[in-house]
Amino acid sequence: MKILHTSAAMTRLAAAALAACVMLAGPAVAQQAGQPEQTPRNAGDARNEGSTTTAGDAWITAKVKAALLADTDVRGLALDVDTKDGVVTLRGTAVTQAEIDAAKKIAKNIEGVRDVDARSVAIDAKR
């Protein structure tokens, strides 16, 4: 197992842990708000019915962010993720077009995602 020593690696690990906490807390928050619990299964079902709830979108956002943070080919901390009605919007910066393409692919593979818009991701080769 590779030991993480760099500041960037520690920041990425902390962000991934935070995203995991958000994902785990999502169902509890939805129940407190009087909404049905959103699990990956019924979040996907809502997509198939043509509507998603705010809790379903929050679930998707958390899953996408966690997946971006966990991937070594994408700088997940440089990307913001928003979801509305199952459509994920990525904003921020990437070093290359390949990084943007990888981020889009990661987001598209999350259950419940209908489409991914990465037009607001700028390439910044200086990073």
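Quick note: the coordinates plus some simple rules give every number you see, no bench work behind them. On a predicted model such as this, the values are computed, not experimentally measured, just so you know. Quick reminder, even Gly has a Cβ in these numbers, built from the backbone with ideal geometry, and neighbours come from all protein chains shown.
Observations, loosely collected:
- Taking 25 Å as the straight-line reach from the Cα of Lys63, the lysines in range (excluding those fewer than 8 positions away in the same chain) are Lys2, Lys84, Lys104, Lys105, Lys108.
- Note on Asn109 and Asp82: the extension gain reaches 8.2 nm, defined as 0.36 nm multiplied by sequence separation minus the Cα-Cα distance.
- Pairwise FRET efficiency - Thr72 versus Ile123, Cβ, R0 = 22 Å, nearest 0.05: 0.70
- Across the range 53-58, coupling constants 3J(HN,Hα) worked out from phi with the 6.51/-1.76/1.60 Karplus curve, θ = phi - 60°, read 9, 4, 5, x, 5, 5 Hz, and Gly and Pro carry x.
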